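Enquirer: This is the structure I want to talk about, given as structure tokens.
FYI, it's all coordinate maths here, none of it is from the lab. Because the structure is a prediction, the values reported are computed rather than measured. A quick note on method: Cβ atoms are made from the backbone with ideal geometry, for glycine too, and the neighbour counts reach across all protein chains shown.
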Amino acid sequence: MLDRIGFPTVARRLALGWLLATAAGAVSAAAPAACPALLNREVPRLQDEKPQNLCQYSGKVVVVVNTASYCGFTSQYKGLESLYARYKDKGLVVLGFPSNDFGSQEPGSAKEIAAFCENTFGVKFPMFTKTRVANNGAGDVSPLYVDLRQKTGSSPRWNFHKYVIARDGTTVQSFGSTVDPEDRKFVDNIEKLLAN
């Protein structure tokens, strides 16, 4: 009697487990398709140049900033790191893209830039390899920055230009270099986007 009762129960549980595993596989396979076009790209990480898919930041509020080690705005690294540390658990990520486009203020190698960011400002937010962000005749502009310019009508004029991408992955705002990441209006805007 135990076998007759127990076997169907075990079989049902196995079948249910298989169905759940299959459904979970279908969801994870479908996840990349849910990635917004703006983030659906790979860029090499600064520390080891391994490709990183920006889809991993889907559903977050994303601050994209072009950085430089030898600029009057370089101290903004401190504010960007503070912003990231304060709000990362609420869904914010800061993505740094070192660029040598303005005043040749980022001449170093990936290793040198990574060491500078970590040792000088304790940067923990994701950083990527040196990137062309401006169309100043010195090479191809990063497709990410081309798309950001198309969405906002604004392109970086100097280092530490900030784009803020809402959780929907399509709404983008542009903030010039003089807007400090700890400026109350900037922070209020981030908080409003995180609340949505």
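Enquirer: Which entries of Lys151/Lys185; Lys50/Lys185; Lys111/Lys185; Lys78/Lys111; Lys90/Lys162 show an alpha-carbon separation above 30 angstrom in the structure shown?
Expert: From the list (Lys151/Lys185; Lys50/Lys185; Lys111/Lys185; Lys78/Lys111; Lys90/Lys162), the Cα-Cα distance tops 30 Å for Lys50/Lys185; Lys111/Lys185.
Enquirer: Name the residue from Pro107, Pro156, Val172 whose Cα lies farthest towards the positive end of the charge dipole of the range 42-195, charges +1 on Cβ of Lys and Arg and -1 on Cβ of Asp and Glu.
Expert: Looking along the dipole axis, the top candidate is Val172.
Enquirer: While we're looking at this one, here's another question. Considering only the other residues whose Cβ falls under 14 Å of the Cβ of Arg149, what net charge follows from Lys and Arg at +1 and Asp and Glu at -1?
Expert: Result for the local shell: +1.
Enquirer: All other residues with a Cβ under 13 Å from the Cβ of Lys185 taken together, and with Lys, Arg as +1 and Asp, Glu as -1, what is their net charge?
Expert: Overall, the nearby charge balance is -2.
Enquirer: Just how large is the dipole of the range 108-149 about the Cα centre, in debye to the nearest 20, putting +1 at every Lys and Arg Cβ and -1 at every Asp and Glu Cβ?
Expert: Rounded to the nearest 20 debye, it is 20 debye.
Enquirer: Using only the Cα atoms of the range 42-195, build the gyration tensor, take square roots of its eigenvalues as a ≥ b ≥ c, and label the shape rounded, prolate or oblate: rounded if a/c is under 1.5, else prolate if a/b is larger than b/c, else oblate.
Expert: rounded
Enquirer: Next up: Apply the Karplus parameterisation 6.51 cos²θ - 1.76 cosθ + 1.60, with θ equal to phi minus 60°, to every residue of the range 185-196 and state each ³J(HN,Hα) to the nearest whole Hz, in sequence, with x for glycine and proline.
Expert: 5, 5, 5, 4, 4, 4, 4, 5, 5, 5, 6, 7
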